[in-house]
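Before any comments, here is the structure.
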Amino acid sequence: MFGIGKNIIEGAFNTTGDLAGSVINAGGNFADQISNFGGKKIKGKVILMRSNVLDFTEFHSSLLDNFTELLGGGVSIQLISATHTSALDSRGKVGKKAFLEKWLTSIPPLFAGESVFQVNFTWEDGFGFPGAFFIQNGHTSEFFLKSLTLEDVPGYGRVHFDCNSWVYPSGRYKKDRIFFANNTYLPSDTPNPLRKYREEELLTLRGDGTGERKEWDRIYDYDIYNDLSEPGDGRPIFGGSQFPYPRRGRTGRPRERKDSNYESRLPVVSGLNIYVPRDENFGHLKLSDFLGFALKSLVSTVQPALVNIVDFSPGEFDKFQDVHNLYEGGLPVPLDVFRNLTKDFTPPMFQELLRTDNDQRFLKFSPPQVVKEDKFAWQTDEEFAREMLAGVNPLIIRRLQEFPPKSKLDPNMYGDQRSKITKEDIKSGLEGLTIDEALNQKRLYILDHHDALMPYLRKINSTKTKAYATRTLLFLKNDGTLKPLVIELSLPHPQGDQFGANSKQYFPAEEGVQKSIWQLAKAYVVVNDAGYHQLISHWLHTHAVQEPFVIATHRQLSVLHPIHKLLVPHYKDTMFINAFARQVLVNSDGLLEQTHFQSKYSMELSSHIYKEWNFLEQGLPTDLIKRGVAVEDVSSPHGLKLLIEDYPFAVDGLEIWSTIKTWVTNYCSLYYKDDNAIQNDVELQSWWKEAREKGHADKKNETWWPKLQSFNELVETCTTIIWISSALHAAVNFGQYPYGGFIPNRPTISRRHMPEVGSAEYKELESKPEKAYLKTINSMLQTLLGVSLIEILSRHASDEVYLGQRASIEWTSDRAALEVFENFGKEVSEVENRIIQRNKDVSLKNRSGPVNVPYTLLLPSSTEGLTGRGIPNSISI
């Protein structure tokens, strides 16, 4: 990951065709073969990574490659002129082939796994500026082409090509692979000799919508979610039906024989081979970094082992200390299970959880931050409320604007769903204010998980889950913290939905059985919040809604387009991790169904909520205003005044949002001088039209979609896309283990309802409250599986690229773009410093809370592993 300040600027073309900066890559990738032809030679360097560096099963390919090389095959490159056309048509003139002659020997690489080669080109007078090149791979296996840098091009100096793409043997392609120099052009500014090449490359990436995709294909296309289950298991198809959904990448796999509407599924053991365009699945040098591999192992290897570990134990937790033992002492592991988990195919991150002590074997997890300093602070009302502002799902709380809370559900279908909370229920907690005064002073808030769940609650409770629709009312205290006033638990009326809800209210208590009942009431709220977080805030509102933009960008925006260069770093690994999620996470009987209360109705419920999705409301300022937690105020920073001033997610998030927006504004202004330039950009307009009408086809008729006819609309759109991929995903993802790794703090399942007075469960609650609590939430197996899952999801890989960084220092030749990006990186660092300072301010009680866990989820930088901080550029886990 590089900052921009290290770039070296040399001559090349800018967006108007004049001489401007061309950035040099810090290395090269192809060895030189000197042609037998006469004439001037220019040298080039190529950096590549051979496939066997990343795939430990490909040694046979290297042997074949070496044999091919000895026969005179190998890799050839032909330069393409951006200034002179061929004698046959308007396409740029194509130079002579230059072969890599030193495939068997290379100079020392810059980075682990890279090979650096030279190639010599025969230069023809009058060739002009080399704006692209063809490459042919004569080997038997693919390689990852990072870059080509030409030295001393007559009249232009250095010319750099930032490639970053897998190149398969030439026989796999219908046309030779083409790469363009690092210049940036709007479609209308593209040099005439490159126009056809630009258009044809986009056609190649779109494909024709037919056939099963192969790993070497580079085709981006759309499909519905018809690959999550097999016909007849009760799960519907999502997208293009009564169950709307964003589109996913098309694989073209064969249809199921039982029902051709369903796409056939791959077995879990083949899960890593699911098709995405190869460049969306780079892979990792260190297998231990490959979090997708860990997810696969969790299903195929670790989950059966966990079942055996639970069978070897009492099977249930009796007290909170039993859960703490997962991090302090560990669970005993049978010898045969221990041996299976220490085999080579188990990821190192799981092997690290195993230890031996005097011939005893244990499974031991890392202590989650929420219980590191205080084992009991998670139980406090203050921490329960604080995590609505600074936890892993700080996106739901909203200001209460009318009392009692109302429902938006159709009364004809669901009857009276209004809250039954009365003024008498809460007046004692308002610190002397009346209800109307508290509303007018904007001090009443609600965590509302009622309307989203009630339509599916009867179905959900027909499974092993026993959940409630919940409303939690809170009061904003003078010290800036929130105090819970009441929790309302609701069930569908037993005589039918049309009769409304049966609701009961629960209140804070400090002692006796009422304290235990209040702890259970909070648990039911958190179960809902955890389930909504994982399926909606995380999966639907980041992963799923973003994939159509990834696909549309590659299909409609050339790599030469400025918006492509702006957005593509924020798409890294997203299609792959989503494809893998369809295999093991959100699929029928997948990990999320097994570990969250929605069970087999998880995706169906997320489809129901997608009906209300609004792209504009994913922008942070719009979201805060919609939830009533902020109001527009031109005199306030970022143009918003927060009504909860100590709202860590919102405070830090607005700084990140504004920094992203400034970067996007400055960058886009380099290429679009007025609204007409945006309206006349054919690629840009095609991109936005397709993202709406194909990618989000079930929402294409919504009137809220930006029209993308003005500069402000372009900036807001791109800022929102980058925000979703980076900061929003970071805020809802990397805190999962720090807060949810201790399951009693964030249970994801409720297995029984609130005990009735006089029942055996009530007596147990009176005599053994911890045991009753633990028998209500996740079982031991569900806990082990869930903690193992979020331990993976909360990790950073070692090759992560964070906000304000780029994987390459030479991503564009445009000097002005590099300068504004360098400023962006500096501003991101300044935001980080300010967040660190806020976390030291003891007057801001919501920053750390009773558990003393500072809010770090929007700190931009991070190291690898479980850090509870860091904003990667993209949704890569």
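Could you calculate the contour length gain from residue 617 to residue 268, that is, 0.36 nm times the residue separation minus the distance between their Cα atoms, to one decimal place in nm?
122.0 nm
Using a probe of 1.4 angstrom, how much of the accessible area of region 690-793 is carbon and sulfur, in percent? Intermediate values should be presented prior to the final figure.
Numbers: 1500 of 3080 Å².
Answer for region 690-793 is 48 percent, counting heavy atoms of protein chains only.
Excluding ligands and nucleic acids, what accessible area in Å² is computed for residue 848 using a 1.4 Å probe, to the nearest 10?
About 20 Å², rounded to the nearest 10.
Sort region 449-599 into rounded, prolate or oblate with this rule: let a ≥ b ≥ c be the square roots of the eigenvalues of the Cα gyration tensor; rounded if a/c is under 1.5, and if a/c is not under 1.5, prolate when a/b is larger than b/c, oblate otherwise. List each step's numbers first, then the result.
On the way: a/c = 2.79, a/b = 1.88, b/c = 1.48.
Here region 449-599 falls in the prolate category.
For residue 83, what accessible area in Å² do you get when you roll a 1.4 Å probe over the heavy atoms of the protein chains, rounding to the nearest 10?
50
Taking only protein heavy atoms and a 1.4 Å probe, what accessible area per residue, in Å², does region 629-689 have with all protein chains in place?
Ligands and nucleic acids excluded, the result is 40 Å² per residue.
By how many degrees, between 0 and 90 and to the nearest 10, does the Cα long axis of helix 780-793 differ from the longest principal axis of the chain?
30
For the chain, find the longest principal axis of its Cα atoms and tell me its angle to the long axis of helix 574-584, 0 to 90°, nearest 10.
Long axis of 574-584 versus the principal axis of the chain: about 50 degrees.
Identify which of the listed values of Rg/Rh (Cα atoms, Kirkwood Rh) was calculated from the structure shown: (1) 0.99; (2) 1.04; (3) 1.11.
It is the one labelled (1).
Taking the Cα-to-Cβ direction at residue 324 and at residue 176 and moving 7 Å from each Cα, how far apart do the two end points lie in nm?
Computed distance between label sites residue 324 and residue 176 equals 6.9 nm.
Give the peptides 379-386, 531-538 in descending order of average Cβ contacts within 10 Å, highest first. Each step should come with its number before you reach the end.
On the way: 379-386: 21.1, 531-538: 25.4.
Top of the packing list down: 531-538, 379-386.
Starting from the residue with the highest accessible area, list 418, 235 in decreasing order, probe 1.4 Å.
On the way: 418 135, 235 35 Å².
Accessible-area ranking of 418, 235, largest first: 418, 235.
Pairing the Cα long axis of helix 192-206 with the longest principal axis of the chain, what angle in degrees results, from 0 to 90 and rounded to the nearest 10?
The helix 192-206 is inclined about 40 degrees to the chain.
Once the piece of chain linking residue 514 and residue 822 is laid out straight, how much longer is it, given 0.36 nm per residue of separation minus the C-alpha distance between them?
On the way: separation 308, 0.36 × 308 = 110.88 nm, distance 5.73 nm.
So the chain would gain 105.1 nm between residue 514 and residue 822.
Can you give me the distance in nm between label points at residue 412 and residue 188, each placed 7 Å from the Cα along the Cα-to-Cβ direction?
5.0
Compute the FRET efficiency between residue 86 and residue 834 as 1/(1 + (r/R0)^6), taking r as their Cβ-Cβ distance and R0 = 51 Å, and round to the nearest 0.05. Walk me through the numbers on the way to the answer.
On the way: r = 56 Å, r/R0 = 1.10.
It comes out at approximately 0.35.
Mind ranking 222, 739 by accessible surface for me, highest first, 1.4 Å probe?
Numbers: 222 30, 739 5 Å².
Ranked list, largest accessible area first: 222, 739.
Could you sort out which of 196/699; 442/840; 565/661 sit more than 25 Å apart by Cα distance in this structure? Walk me through the numbers before you get to the answer.
Working: 196/699 34 Å; 442/840 27 Å; 565/661 16 Å.
Result: 196/699; 442/840 exceed 25 Å.
With the full set of protein chains in place, find how many percent of the accessible area of region 396-522 is carbon and sulfur; take the probe as 1.4 Å. Intermediate results must be reported in sequence, preceding the final value.
Numbers: 2770 of 5780 Å².
Its accessible area is 48 percent carbon and sulfur atoms.
Which order do peptides 430-436, 190-196, 827-833, 523-529 fall in by mean Cβ count within 10 Å, highest first?
Values: 430-436: 13.0, 190-196: 19.9, 827-833: 16.9, 523-529: 25.0.
Most protected by this proxy first, the peptides run 523-529, 190-196, 827-833, 430-436.
Roughly to the nearest percent, how much of the accessible area of region 577-683 is carbon and sulfur, given a 1.4 Å probe? If you can, show how the numbers build up before the last one.
Values: 1700 of 3580 Å².
Carbon and sulfur together cover 48 percent of it.
With every protein chain left in place, what is the accessible area per residue of region 230-274 in square angstrom, probe 1.4 Å?
51
Taking the solvent-accessible surface of protein heavy atoms with a 1.4 Å probe, what is the per residue accessible area of region 396-522 in Å²? Before the final figure, lay out the partial values.
Values: 5780 Å² over 127 residues.
For region 396-522, the per-residue accessible area is 46 Å².
Calculate, for residue 336 and residue 753, the FRET efficiency according to 1/(1 + (r/R0)^6) with r their C-beta to C-beta distance and R0 45 Å; round to the nearest 0.05. Please report the intermediate quantities before stating the final value.
Numbers: r = 39 Å, r/R0 = 0.86.
After rounding to 0.05, the efficiency reads 0.70.
Full-extension gain between residue 477 and residue 634, please, as 0.36 nm times their residue separation minus the C-alpha to C-alpha distance.
Roughly 53.9 nm would be gained on extension.
Quick one: which of 408/477; 600/763; 504/600; 477/845 span more than 21 angstrom between C-alpha atoms? Write out the running numbers ahead of the final one.
On the way: 408/477 29 Å; 600/763 32 Å; 504/600 27 Å; 477/845 11 Å.
Check vs 21 Å cut-off fails for 408/477; 600/763; 504/600.
Based on the inverse mean of 1/r over its pairs of different Cα atoms, what is the Kirkwood hydrodynamic radius of region 620-713, in Å?
Numbers: mean 1/r = 0.0643 Å⁻¹.
Mean inverse Cα-Cα distance, inverted, gives 15.5 Å.
Could you sort 704, 518 by accessible area so the largest value comes first, with the probe set to 1.4 Å? All intermediate terms of the calculation are to be shown ahead of the outcome.
Values: 704 45, 518 5 Å².
Reading off the accessible areas and sorting them downward yields 704, 518.
Would you list which lysines come within 18 Å of residue 214, measuring only between C-alpha atoms, while excluding same-chain residues fewer than 8 positions from it?
Residue 214 reaches 174, 175.
Between 487, 607, 115, whose Cα lies farthest towards the positive end of the dipole of the chain when Lys and Arg beta carbons carry +1 and Asp and Glu beta carbons carry -1, centred on the Cα centre?
It is 607, whose Cα lies furthest towards the positive end.
Modelled label-to-label distance, residue 208 and residue 662, 7 Å Cα→beta-carbon offset: nm?
Simple spin-label model gives 5.1 nm for this pair.
Report, to two decimal places, the Cα Rg of region 396-522 normalised by 2.2 N^0.38 Å (N = number of residues). Don't jump to the answer; show the numbers that get you there.
Numbers: Rg = 15.2 Å, N = 127, 2.2 N^0.38 = 13.9 Å.
Dividing the Cα radius of gyration by 2.2 N^0.38 Å gives 1.10.
Over the chain, what is the relative contact order in percent, taking alpha-carbon pairs closer than 8 angstrom and at least six residues apart?
Working: 1779 pairs, mean separation 135.7, N = 877.
Across the chain, relative contact order equals 15 percent.
In whole Å, what is the distance between the alpha-carbon centres of region 732-772 and region 514-568?
The distance from the Cα centre of region 732-772 to that of region 514-568 comes to 26 Å.
Accessible area of residue 406, 1.4 Å probe, to the nearest 10 Å²?
120
The values are calculated or read from the model by the stated rules, or taken from the named source; none is laboratory data. On a predicted model such as this, the values are computed, not experimentally measured, just so you know. Reconstructed Cβ throughout: ideal geometry from the backbone, glycine too, with neighbour counts over all protein chains shown. The area values use the complete protein model at the heavy-atom level, side chains included, leaving out ligands, DNA and RNA. Shrake-Rupley method; radii C 1.70, N 1.55, O 1.52, S 1.80 Å.
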